[in-house]
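In what follows, a structure is listed as structure tokens, so that the remarks can point back to it.
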Amino acid sequence: MEDLKKEIEKRRTFAIISHPDAGKTTLTEKFLLYGGAINLAGSVKGKATARHAVSDWMEIEKQRGISVTSSVLQFHYGDYCINILDTPGHQDFSEDTYRTLMAADSAVMVIDASKGVEAQTRKLFKVCAMRHIPIFTFINKMDRDAMDTFELLDNVEKELGIETTPVNWPIGSGKHFKGVYDVEQKNVLTFADTEKGTKEGKSEALSEETEIVAYIGAEAWENLNEELELLSGAGATFDLEKVRAGELTPVFFGSALTNFGVEFFLKHYLAMALPPTPRTSAGEPVDPVTHGFSAFVFKIQANMNKAHRDRIAFMRICSGKFEADKNVKHVQSGREMRLSQPQQLMADERRVIEEAYAGDIIGVFDPGLFSIGDTIEAPEENVRYEGIPTFAPEHFARVRQLDTMKRKQFVKGVTQIAQEGAIQIFQEYNSGMEEIIVGVVGVLQFDVLKFRLENEYNVEIRLENLPYEHIRWIENWREIDVEKLSGTSDMKKVVDMKGNPLLLFVNAWSVGMTLDRNENLVLSEFSRNEI
Ligand code: G4P
């Protein structure tokens, strides 16, 4: 038990979030570099290639040069074992990202210093806030001209509604970037560009005023003192409890590309973030150490290797130790089995593993049994994790296969892709699978659907966009007569994969109108992914 406790307490599992181009990939690579997991010195010029190897799997990602799916990486730093859940940056792939956030214990938010909070960050942040997980902010690209520091902090506070507490404070930016002031140690860390792949930064810590003035100049020193004084009057004081409750975000300034501030961040992050905390099952916390093995599926990815038509289910271990040679129970089907080909991603290689601990993410071969949100556990355990919410799609299209002879492949393809959670499928109310309506969170998913049906299932389709933008699940459908609902003329009744009826609307006004006309109707914006 002591060994198990030690292993679990070493774990830190975070999701890294940002708007595209803020520097998430670069920062992740630098973390791996400091952890000794990759030798970046040899791969600097092949950054694009390295990036594909690390996190991009699917054909479409390569073609479009974007990261569509999320990946998981594990590395060691000192005594810690760190799991990074990479999230797709492209705005169209937000639903996958939302689910990934469910598997993390904290989030690292990367912000471009010249841009501040951007649209995508805002959305992701909402999910973190919903879960009250700690959020650590890394303001990147200080080697480029940045927004005013107070403005940046104000921007984070206003846009995201969270208090900020700078752990270090930048001295200049762009060509005039001199380094950062360490608020706790009260010294200046000099900026050194160590981009060229050497691990040991040449940054120095200056604590004497004379040294600092000699390095940054009298004017910058005066400015710095003024800013720090302002900060002590205006900024929130550091409070670890608030950080851990997700109410206060520690802010770090740095430049991932030049390796500046990356290790500083990592050290502070590790000191502040908690090891795996208990998850809830039927309202009760499940202790990560004292409970036996339990995990939940947060992501399913099919056809990572086209030749093998494989389907991988990613699960987050919530308690205990996973051992590859022991049987586990799939709670939703009641079946006992041995998980096949359990694997973990370590920097740029996939490797088969024998064991893993609470906090870790493992991928297993899925025979078509698992769904998102399912619980897997040791046969003698009896927990059942809450499902992962299904987010409301915002774009809808009617989809038809061009060759009517391929009906079977078509239905199989859309159903499997929907099981992975990449799209949601609906049918017309009372009509069966004749007409399939697809709903997605981001429009690019329509392209992914078309591409994958052609490539993986050999089915060509035509998509006809529908004008609906709002979807509502009928919470109390068992108590009311759905047939008799009196809605607006633009309202459409459909059913989801599990047979739940729902309503589609063109605008928000119609939603309100329908609620007004049907006194007992209870609508909800998302469905809990219960079985
Ligand atoms: P993302 O994953 O958040 O989308 O961002 P990514 O790391 O791919 O970085 C986006 C661009 O910003 C890259 O340039 C990267 O080199 C650059 N970048 C990242 N961190 C810093 C930094 O601290 N300072 C500066 N100046 N630039 C930074 P690119 O030209 O788009 O790609 P590449 O040609 O370098 O691969």
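What is the chain by shape, rounded, prolate or oblate, if you read a ≥ b ≥ c off the alpha carbon gyration tensor as root eigenvalues and call it rounded for a/c under 1.5, prolate for a/b larger than b/c, and oblate otherwise? Prolate is the answer for the chain, as a/c is 1.5 or above and a/b outweighs b/c. Cβ-Cβ distance of LYS10 and LEU402, R₀ of 56 Å, FRET efficiency by 1/(1 + (r/R0)^6): the value works out to about 0.55.
Placing R0 at 51 angstrom, the Cβ-Cβ distance between LYS186 and MET130 gives a FRET efficiency of 0.90 after rounding to 0.05.
Among complete DSSP H helices in the chain, none has alpha-carbon atoms stretching at least 20 Å along the helix's long axis together with a mean Kyte-Doolittle hydropathy reaching 1.0. Sorting the segments 444-452, 147-155 by their residues' average number of neighbouring beta-carbon atoms within 10 angstrom, most packed first, yields 444-452, 147-155. Taking each residue as 0.36 nm, the span from THR277 to SER486 lengthens on full extension beyond its C-alpha to C-alpha distance by 70.6 nm. Per-residue extension of 0.36 nm, minus the Cα-Cα distance of LEU466 and ASP148, leaves a gain of 110.1 nm for this segment. Using 0.36 nm per residue and subtracting the Cα-Cα separation, the extra length available between LYS123 and MET497 on full extension is 132.0 nm. Rg and Dmax over the alpha-carbon atoms of segment 419-499 stand at 14.5, 44 Å. Computed across segment 279-377, the Kirkwood radius stands at 13.7 Å (inverse of mean 1/r, all Cα pairs). Summary of the geometry: segment 456-490 and segment 199-278, compared by the centres of their Cα atoms, lie 50 Å apart.
Read-outs: derived from the displayed coordinates by stated rules, not from any lab. Treat the numbers as computed from the prediction; the structure is a model and nothing was measured. Neighbour counts run over all protein chains shown; Cβ positions are idealised from the backbone, glycine included.
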